[in-house]
Structure formats: C-alpha cells, structure tokens
2 protein chains.
Amino acid sequence: MRITNKKCLGLIFIGVGGLLALFHAWSPGSSSRVDIRSRQRSRIKTLLEWKIQDITRGYREIAYHIKEEVSSRLAQNTCICLADEETFQLPFSNLLFPRVWAHKLDAAFLDSHPDPEGVKRHRTQEYNSFKRRSYSPADMLIVAEANSPLQYPIQGVEVRPLKTIIIPGLGLKEETKSNHMVYLTAAIGTFDVAAMVDNVSVKGEGEKHIILSSPHLSALNRQLQFVTYTNTVFNPKTADTVDFATEGHHAFFTIKVGHGTVPKLYNSGYQTEYNISALVTIATKTFLRYDKLKNLIDSIRQYYPTITIVIADDNEHPQPVTGPHIEHYIMPFRKGWFAGRNLAVSQVITKYVLWVDDDFIFTANTKLEKMVDILEKTTLDLVAGAVREVTGYTATYRHIISVEEGGEEGDCLHIRNGYHHIIEGFPNCVVADAVINFFMARTEKVQQVGFNPRLARSAHLEFYQVKVTGLCWGAVEWRPLTVGQQRAAWW
Amino acid sequence: MRITNKKCLGLIFIGVGGLLALFHAWSPGSSSRVDIRSRQRSRIKTLLEWKIQDITRGYREIAYHIKEEVSSRLAQNTCICLADEETFQLPFSNLLFPRVWAHKLDAAFLDSHPDPEGVKRHRTQEYNSFKRRSYSPADMLIVAEANSPLQYPIQGVEVRPLKTIIIPGLGLKEETKSNHMVYLTAAIGTFDVAAMVDNVSVKGEGEKHIILSSPHLSALNRQLQFVTYTNTVFNPKTADTVDFATEGHHAFFTIKVGHGTVPKLYNSGYQTEYNISALVTIATKTFLRYDKLKNLIDSIRQYYPTITIVIADDNEHPQPVTGPHIEHYIMPFRKGWFAGRNLAVSQVITKYVLWVDDDFIFTANTKLEKMVDILEKTTLDLVAGAVREVTGYTATYRHIISVEEGGEEGDCLHIRNGYHHIIEGFPNCVVADAVINFFMARTEKVQQVGFNPRLARSAHLEFYQVKVTGLCWGAVEWRPLTVGQQRAAWW
C-alpha cells in the first residue's frame, strides 16, 4: 500500500505541477492594472503651468504701446458672424457688389428645439469628454529655461508601445565639481542603461526614477549617451513627459508613444503612361434619373472603357444598372446624397477616387490624366476640375475658408470667393479650400474624412464643413476641364 | 466736338476704372506662388542634423560595457520571422505546447508574381512618395543646447493656417552689456510685434527675419513678450521650424500649423439611463444564410426593439429584409466581408456601432449597456465581448500584438495570446490588441480606420493588421457576455 500511496502522491504532484505549468502557459499577461478612466496626469502638468505663469509674470512694470494692425489679427475668442447691411437693391447688385451673408447655425438649431438649455448642457459634456480623450501631453506648452546646464531632446523622440529606445541628446554641461548628478523621472515608462561606463553610479535601473552620478563630468556624459526609456503602460497613442533634472534646474521634454503610421500604398501598375483604370475609380450617387446616369456611363466609356464605376443608388424602385466594371449598390429609399457618397467611397480600392454627379457628361476635354499628374507630383490630396453648364457658364467654385476662434459657443467660419496661391509648376492650378463637386482625390484621405451620412442634401455650410474638415488641400484647374451638362442648381 | 470728346474720354476713363475695380473685387486671391512639388525644405534640416552629429560625436574615447538584457530590447532594424521547430507530434500537442508560427507575407506574395523586382521597385517609389507627403518638421529631432542664454517654447505652439499668434515664452537671459540682440527666422511665416516697447529697436516687422535689440535687457525681454508669428504659406497641416538666435547661440523650435481638430460630437439623448437606440447602431454583413440572419434580428428585437440594424448583403439573389429600424444595403455579388463591413459602418449615424456576425444570437446576457458604460467612462475606443459556441466553449480571442522594426523589407508583427493590463474600475475587463469579432466601438474611430475592401475573407494576419492599424484600444470582457451560436470556425 505504501508504494502505491507514494506513487499516487507522486502522480498527484506531477499532475498539479503540470496543471500549474499549463495554467501559466495559457494565461500570459501582466496582472498589472491600468487606470484609463478619463483623468489626466496632473503633477507634471501643474508644475509646468506654474513655470509658465512665472515666466509670463515678469517685466510687468515696463510699459508698452499696442500696435493695432498686428494685435487686431490675434484671436479674440469672441468672434461674431455679422452680415453686411443691404445698402441698395439693383438688378445684378449681388453680382456687382457681393454682400457678406451670415448664418448663425447654432441659433437656427436651438430656436426650434424643445429644450435648448438641455442640448447645450449635453453638448458641453460631450465636448469635455472629447477633450479628455484627445488630450495629449505632446500638446502641452513647455518652455525651455535659459542658462540651464542640461542638454536634452525637445522634439522627435518616439517609442512604439511597450518598446525601448535610447534617449538621444542627453547631457550635462557644468563646471567641474566633486560630484555631478542628474535625475530622470517619467510617468508611463521606466529608465535603464544599454551600456555601463566606469566611475558612474546608476540607481533605479528599470524604474520610473533613475539617478546617474559621477565625479567625472565626461564619464557622466558618456553614460548619458546610453540611457534608455521603456514604455510600460499600454496606450497606442499617447506621450510621456520626462522630467530631466540636476541641482537647481529642471527640464521637461516629451517622448511620443505610438505605433507609427502604417502607410497605405497602392499598386498602380508601373508603366511609362498612367494606367488610369488601375489608378482611378469613378464614384457617383444616383436618384430619380437613370436616363442621365446612362448618358454619364456611355460618355465615360467613350474615353475610359475599363475604368470601374461605383454607383450608390437610393431610388425607391431601383432598376438594374449593369455592364463590365460597374458596381451598383442599392440603399434604403432616400438615404440621401451624403450617405451615398460615404457608401460609394467606402468601396473604392484604387489609389484615387473621382467623384462625379450622375448628370455629368465626359467630353474630349475631360482628361483624368491631368488630375492624376497633379496628385502624383505634389503633396495635394484633392484636385478639382470645372463644370460647364448647359448655358455655357463654367463653374469652378473656388472659395477660401478661414476659421476664427470663438468662445464657448463655437468658432466663426468665413467663406469667400477666391484662392490662396498659384501652384508652382502647374500655372493653371491654384490652392483653395472649397472646390467644385467634380474632383479626384487620394482614396485613403477621403475615406479617413468621409461624408456625414446624417446630412441628406447639400447645403452651403454643411457642405463646406465637410470639405474643410480634414481634407487637406484642394487645387482647382484654372482652365476648364469641361464636363458638360449640369443640373441648373445643385443646392 | 471738344466737349463731346472730353465727355467720351471721361466716360471711357470711368468705364475702365469701373471695370478695373470690378476685376479687383471679383478676383481676390494672392498671386503669390507656392511650390508644393514633393521637395523638403533643407536648410534648417541640414543645420539641425549637423548639430546632432556634433553632439553624438563627443566622448568617443570613453569606453563602455554593453548591458545585454537592455540593449537586446532595442530595435535592431533587422527582424526575422522565425517559426518554432516542430519537436514532436502528439494529439493535442498544439493545445498543450503551443508553437510559434511564422508567415513571410512578402515572400508569399512575391513568389507568385511575374515581376517581383518590378513590384519591389514600385513599392519603394510609392513608399518614398508617402514619406515625402507625410513628413513634418514637427517630427524632426531637435536637441536643446545647454547653457544657452535663450529661453523659448519647445512644444505647444500652434497657429491656424494663415493666422497670427503671439509666440509664448521668448526671452534672453545674459549678463548686462552695451547692446542685447536676438534674431528670429522662419520659413513659411513672418514675424511682427503686437505692441512696441520704448528703447527697443525692431527691424524686419512683417518679414521672415526679424531683429530685436536694446541696450536694456529687461526692455528687450518685455518686447519679446509681444512677438507675433503669422503663417503666410497655405498648408492645412504642417509646421514651421523657427531659428531663434543671439550671438553665439541658436535655438530651434517648432510652430505647428493646422486647423485644429473639429470634434465629431453625437447627441445621444440625455436621460439618466443609457438610451441604447439613440447611442448604438448594430451593423452586420450577410451572405448565404438569410435564416440565421432572421434569427439574429428576432433575437435582437426581444431585447432592443427599436435599435437600428444596418445590413450589408452581397448575395447573388438578394431577398428582401424588412422591418422597422432595419436598413438593408445590396452589394455586387461576392464583394466580400471586408467591403461589407466598410459599407455598413459608413452608414452609421450613432455615437457607437456594434458589430455582429449574421449567425449570432442575442441572449438575456447580451447587455449592450455594459459595453456603452465602458466606452462612456474610459478613453477606450473599442470594447469586445465574448461569443459562446454551440459546443459551450466561449471565445474571447484576446491577443497582444507587438511590432518589431525591420529593415527595408518591412517590420515583423508578433501576435500572442494574452492581454496587457486589467482595467481599474472594471475588474472584468482587460486591455488587448486583438479581440473577438463581437465588439462595440466609437463610430468615428471605426470610420477613420475602416476595413480594407480589397480583402475578401478574413485571414489571420490581414485581420489583425486591420484591427491594429489605428483602432486605438480594445478591451475585452472577462466574463462572457454570451452571444450564442457561432459558426464552427470563422477563419
């Protein structure tokens, strides 16, 4: 019996040991906790804010005289949208003497709402949540102290989440004394050294606070070339503010924590000429006019027989739209133009997407190669053409938009006819903020910004907001890439 | 006749004058040119690179001893994906002793391509274009000099395109001498002063290079509190590197130029309890199993009778899917799962989107309120639940992903079972990089990242790439929010 008992015990131990080993192998993962409820780390932030107040408080006793033409350009945080007064009514007065219009968007919304105070309160809450989520220590104001013996990187230090880097550029430059000492402190990472230098004492390796000291300044500086930072709290897009100090001096700098941008690259075929079908997809939205859509498709096929056309369709009784390289998407009835644009663009797999309206016609002047050329050779994200209406009038709709910071109620958007600059190398092109609705753009950029499916029809200001929110640049062809028939008014 | 001639001349002058005035009014816009072909500004960049080399060249003569456990964590830029060797074959060996697999994605693609060298060359070209487009002076490494009399902002200075700001934090701290002088130089902006201080000379107001000097140091410092920067070359997302100098010292800092983030806020109703139908839209993709889809919808309606369900459908012969709060989208046949997900998500107008597969079933344990609670109270962008299969096995599919920098061929992606941290305040939740395909996320984030419509079916690595590219965080509920039947394998 004894032998059996021992065997049993033995087996039990082996079994338990095995299970424990399995359990360990199966459940990897730190049991450390992370607090991600929306609270900001405040110690270093408070310290920095105090430093800045200290800096700006100086010299108050010295008088100054305001320079009006410059100070008036500074943001007042109290912008008001004011319309021009209507001075006189004449035929064509709007053309000859364009007036400034003003739309108070928030008033328009709140005036018709049953509970305006409640909506404003809720909006403030949502906005504060947004600010907490998007706050980054990398945006905080930091001022470098003058006459500091510390040398340190102020920009350009990045680490991938939970990875380790050497911090470049650390140094201490002071007069010789019996002992030279520096400290480094971080919030979401630890320090260590990738190599050891003789005669330097290092305390706190692998911790959030490290102290390096040496009687020899050059040895300490050599050691500082090997200091590493390891990010230890997982967050794929944040920053750590490092406090680098010596006796009597503090310096703060930021280490950005993030994955790095994964580029979205497209294979466009690699011949001497642009392969338009491989590079561009045409996208459009159709409603109530299959005849015009058919004309559009036929005209495209005359010049680009194999280019893919993506069609978003929210008719009540959809008809089939078929043909090679045609993708037809059926939506719920009347979902709207913005939802349709978002849908069409979500299906594009080529490098560029060309937006057209379903009542456009391609002509011999519709040269997509020209638009591709601009996008291939510049840093622009979007290039628009011109649309010639039945009347013969050619619209390019170039506008510039400027945003003036307002107070709590929001900012003021100013939209004016015109453009910013002519583009070097492309004398027919200019840079603008708003362009006509016939444009080619980088697909990944359009997809990142998107169109707001909540809006049903285009209206001036929502349309502009969509265009300006994030879509980086537009350029407009000066001479018309004529497209042809246009419906009489598109808003 | 003379009088008539004079009258005519007079009228002609008035006419021409009027036309000129009209022309001026009609064609606003600077005639200045901007060169946006993909070339980087190199003067300051070269200067900075030289400074950094100078800094890192020091102390070469001092020896060091490598600390292996730290230096091995540094990026080698030569990662290799290696699989474990298969030591023995046993039933369940994969479960008991999980092996490391390796997939060389690029080799898999290139081996079957007719022109691998051409593809690699083209990919390098596209990648270089991408780097030129995404380069920002705000990412460049800058090191602050020690013992510099200059005080300046190193982070946090931002200006909206073509607008003006006061530069905070400028100062000069040196010993008294007969004349104190500082210089500021910029590339895409100009300097000026918002106020004038007596006894200070300012030269170059409104230009890219400004000189301020005074025999009185405190007067100069007071003047430096009023220096303004105006961005003059339009680019909605860039940065200007400013050279701030005095005799013998240069300091460089960045002013970011950009519009500022326009927040996308959602009105979710403002009651004491979460209004799930106002906050959440359910999105799914269906193919070949309308019966399962119907079961899914019926089960959802038991618990959430008014929640909107968006369905992307790429069946060959689509059947109607109708009912209140159901949006049915029809796609070309077999467009695929990724295209379908991109489409469905592009139509969501609520704050959160819940992804489900068409063969899921909601049960009494499917508490969307719990998921909303986490997203409302933390900075997480995505929270996943668990899926209980017919067998009773509940999958959460928690994985962590780490990216190791490689060389020219690309980086190495490591995927392991497990999670990073437990979440404070939500003891059943952990932070991971990859989660099960039953998740709720912030709609704007999912739309920004998107799903690649080029991929047809889910496969391990493409799926992970989609999940890790940009979708900021995931958290996984520890205890199953059981969802029910699951198809046998989803990849």
Out of (1) within 8 Å of chain B (Cβ to nearest Cβ); (2) at pLDDT below 90; (3) open to solvent by 40 Å² or more (accessible area, probe 1.4 Å), the one residue A:365 does not meet is (1)
Among the residues of region B:269-282, are any out of contact with any Ser or Thr (no Cβ under 6 Å at 6 or more places or on another chain), open to solvent by 60 Å² or more (accessible area, probe 1.4 Å) and not in a loop (DSSP other than H, G, I, E, B)? no
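This table checks each residue for (1) farther than 25 Å from residue A:319 by Cβ; (2) open to solvent by less than 10 Å² (accessible area, probe 1.4 Å); (3) away from chain A (no Cβ under 13 Å); (4) not in a loop (DSSP other than H, G, I, E, B).
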{"residue": "B:311", "(1), (2), (3), (4)": "no, yes, no, yes"}
{"residue": "B:324", "(1), (2), (3), (4)": "yes, no, no, no"}
{"residue": "B:345", "(1), (2), (3), (4)": "yes, yes, no, yes"}
{"residue": "B:349", "(1), (2), (3), (4)": "yes, no, no, no"}
Hey, can you tell me all the residues within region B:65-100 that are modelled with pLDDT of 65 or more, open to solvent by less than 100 Å² (accessible area, probe 1.4 Å) and within 11 Å of another protein chain (Cβ to nearest Cβ)? B:65, B:67, B:70, B:71, B:72, B:74, B:75
Of the residues in region A:217-246, how many are within 16 Å of residue A:170 (Cβ to Cβ) and part of a loop (DSSP other than H, G, I, E, B)? 2
Among the residues of region B:138-172, which ones are in contact (Cβ under 8 Å) with a residue 40 or more places away in the chain and of a type in the set (D, E, K, R)? B:145, B:158, B:160, B:163
Check A:283, A:251 and return the single one that is farther than 30 Å from residue A:224 by Cα, in contact (Cβ under 8 Å) with a residue 24 or more places away in the chain and within 30 Å of the chain's Cα centre (by Cα). A:283
For region B:290-308, does any single residue satisfy the condition of being part of a strand (DSSP E or B) and surrounded by fewer than 23 Cβ atoms within 10 Å (Cβ to Cβ)? yes
Region A:224-278: number of residues that are within 25 Å of residue B:53 (Cα to Cα) and at the interface with another protein chain (Cβ under 8 Å from one of its Cβ atoms): 8
For region B:160-179, state whether one or more residues are of a type in the set (Gly, Ala, Ser) and farther than 30 Å from residue B:215 by Cα. no
In the set A:445, A:467, the lone residue that is in a helix (DSSP H, G or I), modelled with pLDDT of 50 or more and within 12 Å of another protein chain (Cβ to nearest Cβ) is A:445
Take residue A:354 and decide whether it is crowded, with 19+ Cβ neighbours inside 10 Å and either among the small types (Gly, Ala, Ser) or touching a Lys or Arg at 6+ places or on another chain (Cβ under 9 Å) (or both). no
Among strands (runs of 3 or more DSSP E) completely within region A:107-188, the ones holding 3 or more residues that are on the phi < 0 side of the Ramachandran plot and either more than 7 Å from chain B (Cβ to nearest Cβ) or open to solvent by 60 Å² or more (accessible area, probe 1.4 Å) (or both) are A:180-185
Restricting to region B:334-343, name every residue that is within 12 Å of residue B:284 (Cα to Cα) and either within 8 Å of chain A (Cβ to nearest Cβ) or open to solvent by 10 Å² or more (accessible area, probe 1.4 Å) (or both). B:337, B:339, B:342, B:343
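Yes/no per residue for (1) more than 28 Å from the chain's Cα centre (by Cα); (2) surrounded by fewer than 21 Cβ atoms within 10 Å (Cβ to Cβ); (3) not basic (Lys, Arg):
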position	(1), (2), (3)
A:206	yes, yes, yes
A:211	yes, yes, yes
A:224	yes, no, yes
A:236	no, yes, yes
A:240	no, no, yes
A:259	no, yes, yes
Of the residues in region A:282-318, those that are of a type in the set (Asp, Glu) and within 12 Å of residue A:362 (Cβ to Cβ) come to A:298
Of the residues in region B:395-430, those that are of a type in the set (Val, Ile, Thr) and either at pLDDT below 80 or closer than 26 Å to residue B:105 by Cβ (or both) come to B:396, B:400, B:401, B:403, B:415
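The values are calculated or read from the model by the stated rules, or taken from the named source; none is laboratory data. Here the structure is a predicted model, which means the values were calculated and not measured. A quick note on method: Cβ atoms are made from the backbone with ideal geometry, for glycine too, and the neighbour counts reach across all protein chains shown. Ligands, DNA and RNA are stripped out before the accessible areas are found, and what is left, the full protein with its side chains, is counted by its heavy atoms. Shrake-Rupley method; radii C 1.70, N 1.55, O 1.52, S 1.80 Å.
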